[in-house]
Amino acid sequence: MSNAQRTTQIRTRAVAWFTVFVFARLYTAVLNDFLGRILGLEFISYTWIHGIPTYLWLEIIFYGPIIWLALTQVNADVFGDVPAEPEALRKHRRLQFIATFAIAILIYGIGVHVTDTISVLSEREQITDGAVYDLVYFLDEGLSHYIQFFPLFFVMGWFLIHDRPGRTAYPTLALFLGVVHGIERGVGIIEGEKWFLGPAVLLWMATAAWLRWRRVGSAVSQEFFFRHALAFCVTLPVSQAMYYIWFDSFPPPSALSDSELTQMAAGAVVLTVVGTVLIAALDRWWHKRRLAPVI
């Protein structure tokens, strides 16, 4: 196998694992909200085992390991070109360690979020006040979301800044994942009652894109993670603005009625399709314009 073929395989594998990362959190929307509440498969949402509903058991067992596996695989690829010069090697290892540490903190936050099981059971038993409930609610809706959101968004920007050059395949997939991810994270931080983090996330991702542009120049517009970040930065604020306009505030999706949840799901699908088509069309127009001969 040639070096070019080996590099292509590595690039493809990282894209596949990043796709797993983007879609991993959607399990709640698909299982609990869509299948459980909208389609009426109540055993998914309302079958309780030791006080924990089925969809939360799936989070406890699968979500953390899948996120860890996906991000560590992407991390290994992003920092896959290991320099031989000692000083460059030390810097390389330091940069990769920062991403590894961020991933570890994210997984720790997912562990803290297991307190959601106690919060859900407390509300089912109509225990919604008192010192114990207040502590559980703080760990679940307060602390755990901050511990998850900050390293999650950080590592996305870190991969964009430090990715190896040449990851330009699958442009449409990159844009599609950016649209899906922007909508999913836009709604996700609303569910976590942290909708106000939206501007900070946009600022960080825009800064990461700018730093990447400083490193590689205009060729950055063809890179996978840059395309993802561009679509992500467009759709996250759009999804939050549409959510606010439709519901007149930022109620968590878990607090919506079944009819409102159906409306939100339909809106997300429409925004995904329209957003992907429009952003992909603009992307093609931009690159054709750049490649057009000067007369």
* Asked: In whole percent, what relative contact order does region 141-234 give with Cα contacts below 8 Å and a gap of six or more residues?
  -> 48
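Quick one: putting +1 on the C-beta of Lys and Arg, -1 on the C-beta of Asp and Glu, what dipole do you get for the chain around its Cα centre, in Debye to the nearest 20? Spell out each step's value before the answer.
On the way: 22 positive and 23 negative charges, 422 e Å.
The dipole of the chain has a size of about 2020 debye.
Give me the number: length gained by fully extending residue 95 to residue 270, i.e. 0.36 nm times residue separation minus the C-alpha to C-alpha distance, one decimal in nm. Intermediate values should be presented prior to the final figure.
Values: separation 175, 0.36 × 175 = 63.00 nm, distance 3.87 nm.
The span from residue 95 to residue 270 would gain 59.1 nm if fully extended.
Rounded, prolate or oblate: pick one for region 152-207, where a ≥ b ≥ c are the square roots of the eigenvalues of its C-alpha gyration tensor, a/c under 1.5 means rounded, and failing that, prolate if a/b is larger than b/c, else oblate.
Values: a/c = 2.96, a/b = 1.59, b/c = 1.86.
Note, shape of region 152-207 comes out oblate.
Report the gain in length on full extension from residue 87 to residue 286: 0.36 nm times residue separation, minus Cα-Cα distance, nm rounded to one decimal. Walk me through the intermediate numbers first.
Details: separation 199, 0.36 × 199 = 71.64 nm, distance 3.89 nm.
Here the segment from residue 87 to residue 286 would lengthen by 67.8 nm.
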* Asked: Any idea what the dipole of region 29-159 comes to, in debye rounded to 20, about its Cα centre with Lys/Arg Cβ at +1 and Asp/Glu Cβ at -1?
  -> 500
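Give me the percent relative contact order of region 3-291, please, defined on Cα pairs under 8 angstrom at least 6 residues apart.
Working: 291 pairs, mean separation 50.7, N = 289.
Reported relative contact order: 18 percent.
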* To do: Go ahead and run the numbers for FRET between residue 58 and residue 278, Cβ-Cβ distance against an R0 of 41 Å, rounding to 0.05.
  => 0.75
* Potential extension, residue 104-residue 258 segment - 0.36 nm per residue separation minus Cα distance -> 51.9 nm
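What 222 nm value per residue comes from the helices of the chain, counting each DSSP H run with n ≥ 4 as -39,500 (n - 2.57) and dividing by all residues, nearest 500 deg cm²/dmol?
Details: 12 runs with 207 residues, N = 295.
Helices in the chain give a 222 nm mean residue ellipticity of -23500 deg cm²/dmol.
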* To do: On a C-alpha basis, how far is the centre of region 83-134 from the centre of region 230-295 in Å? Whole number, if you could?
  => 28
* **FRET efficiency estimate (nearest 0.05) - Cβ-Cβ, residue 200 to residue 143, R0 25 angstrom** => 0.90
* Relative to the longest principal axis of the C-alpha atoms of the chain, give the angle of the C-alpha long axis of helix 171-191, reported between 0 and 90° and rounded to the nearest 10°. => 30
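Give me 152, 236 sorted ascending by neighbouring Cβ count inside 10 Å, so fewest comes first. Provide the component values of the computation, followed by the final result.
On the way: 152 22, 236 26.
The order, fewest Cβ neighbours first, is 152, 236.
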* Asked: Tilt of helix 3-24 relative to the longest C-alpha principal axis of the chain, in degrees (0 to 90, nearest 10)?
  -> 20
* To do: Estimate the FRET efficiency between residue 114 and residue 41 by the formula 1/(1 + (r/R0)^6), using the beta-carbon distance for r and 25 Å for R0, to the nearest 0.05.
  => 0.55
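Only the coordinates and a few stated rules stand behind these numbers; no lab work does. Model, not experiment: these values are computed from the prediction. Because the Cβ atoms are built from the backbone with ideal geometry, glycine has one as well, and the counts that use them run over all protein chains shown.
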